[in-house]
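**Student:** One structure is given below, represented as structure tokens, and several questions about it will come after.
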């Protein structure tokens, strides 16, 4: 809608305000608008994967920071049992 030119369409009270540079699909339209559509599609295809990976990676990174990157669950900086359980038990089911 942003780049469309709808001045010749009805209803005139609405379409008089839509004065973009393109009356119809053209190679210029595909260069400008098509690239933005493809960019949005790529972002929408990647973001679900990022969400799933981040829900696993962030707790793992916090656990590694807690045990100084040794991987030993018995070496911890947690000062209470509640902090330890909150860090290593995972999310609520």
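The values are calculated or read from the model by the stated rules, or taken from the named source; none is laboratory data. Computed from a prediction, not measured in an experiment: that's the story for all the values here. Because the Cβ atoms are built from the backbone with ideal geometry, glycine has one as well, and the counts that use them run over all protein chains shown.
**Student:** Answer yes or no as to whether residue 37 is under 27 Å from residue 5 (Cβ atoms) and within 18 Å of the chain's Cα centre (by Cα).
**Tutor:** Details: under 27 Å from residue 5 (Cβ atoms): yes; within 18 Å of the chain's Cα centre (by Cα): yes.
Yes: the conditions hold for residue 37.
**Student:** Return the residues of the range 54-93 that are in a loop (DSSP other than H, G, I, E, B), touching a helix residue (DSSP H, G or I) at 6+ places or on another chain (Cβ under 8 Å) and modelled with pLDDT of 90 or more; say none if nothing qualifies.
**Tutor:** Answer for the range 54-93, where residues must be in a loop (DSSP other than H, G, I, E, B), touching a helix residue (DSSP H, G or I) at 6+ places or on another chain (Cβ under 8 Å) and modelled with pLDDT of 90 or more: 76, 77, 78.
**Student:** For the list (1) surrounded by 10 or more Cβ atoms within 10 Å (Cβ to Cβ); (2) modelled with pLDDT of 95 or more, I need the number of the one condition that residue 45 fails.
**Tutor:** (1)
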